[in-house]
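Working notes, structure below.
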Amino acid sequence: MRTILKIKLPLLMPTIVTLFLLNVGSFLDLGFEAVYNLLTPMTYSTGDIFDTYVFRVGIQGAQYSYTTAIGVFQSIIAFILVLSFNKIANKLSDGGLW
């Protein structure tokens, strides 16, 4: 146990941090197919996520500019998450992605 805590874990931390940072940007992606298959008009208020809302309003409702703005907003939030977690990783460990 001491070998894991003193040798192996510190050596694996840069890899763990890098993999975490690469996956942070996809936190807002919840799986369109799984939610869309179970979504009904009665469950829109509780089960709607960004992807199903964009599909319902943009594709079915033909409001392309509004749904493009939602997609850009989602991308900006993901980018901010990656930047902030990268700064945290730089402060806590030996380095982040850049």
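The values are calculated or read from the model by the stated rules, or taken from the named source; none is laboratory data. On a predicted model such as this, the values are computed, not experimentally measured, just so you know. Please note: Cβ atoms are built from the backbone with ideal geometry, for glycine as well, and neighbour counts cover all protein chains shown.
Assorted remarks:
- Within segment 68-89, the set of residues being free of Cβ contacts under 8 Å to residues at least 60 places away in the same chain and of a type in the set (Gly, Ala, Ser) comprises Ala69, Gly71, Ser75, Ala78, Ser84.
- Residues located in segment 1-55, provided they are of a type in the set (Asp, Glu) and touching a residue at least 40 places away in the same chain (Cβ under 8 Å): none
- Restricting segment 59-79 to residues that are loosely packed, with under 12 Cβ neighbours inside 10 Å and among the polar types (S, T, N, Q) leaves a set whose member that is nearest to the chain's Cα centre (by Cα) is Ser65.
- Only one of the numbered conditions (1) touching a helix residue (DSSP H, G or I) at 6+ places or on another chain (Cβ under 9 Å); (2) exposed (fewer than 12 other Cβ atoms within 10 Å of the Cβ); (3) not β-branched (Val, Ile, Thr) is not met by Tyr44, and that is (2).
- The residues of segment 80-98 that are buried (at least 16 other Cβ atoms within 10 Å of the Cβ) and either over 13 Å from the mean Cα position of the chain (by Cα) or at pLDDT below 85 (or both), listed by number, are Asn86, Ala89, Gly96.
- With respect to the conditions (1) over 16 Å from the mean Cα position of the chain (by Cα); (2) in a helix (DSSP H, G or I); (3) modelled with pLDDT of 85 or more, Leu19 lacks only one, and its number is (1).
- Checking each residue in segment 24-53 for being outside any loop (DSSP other than H, G, I, E, B), farther than 30 Å from Ala89 by Cβ and not aliphatic (A, V, I, L, M) picks out Glu33, Tyr36, Asn37, Pro41, Thr43, Tyr44, Ser45, Thr46, Gly47, Thr52, Tyr53.
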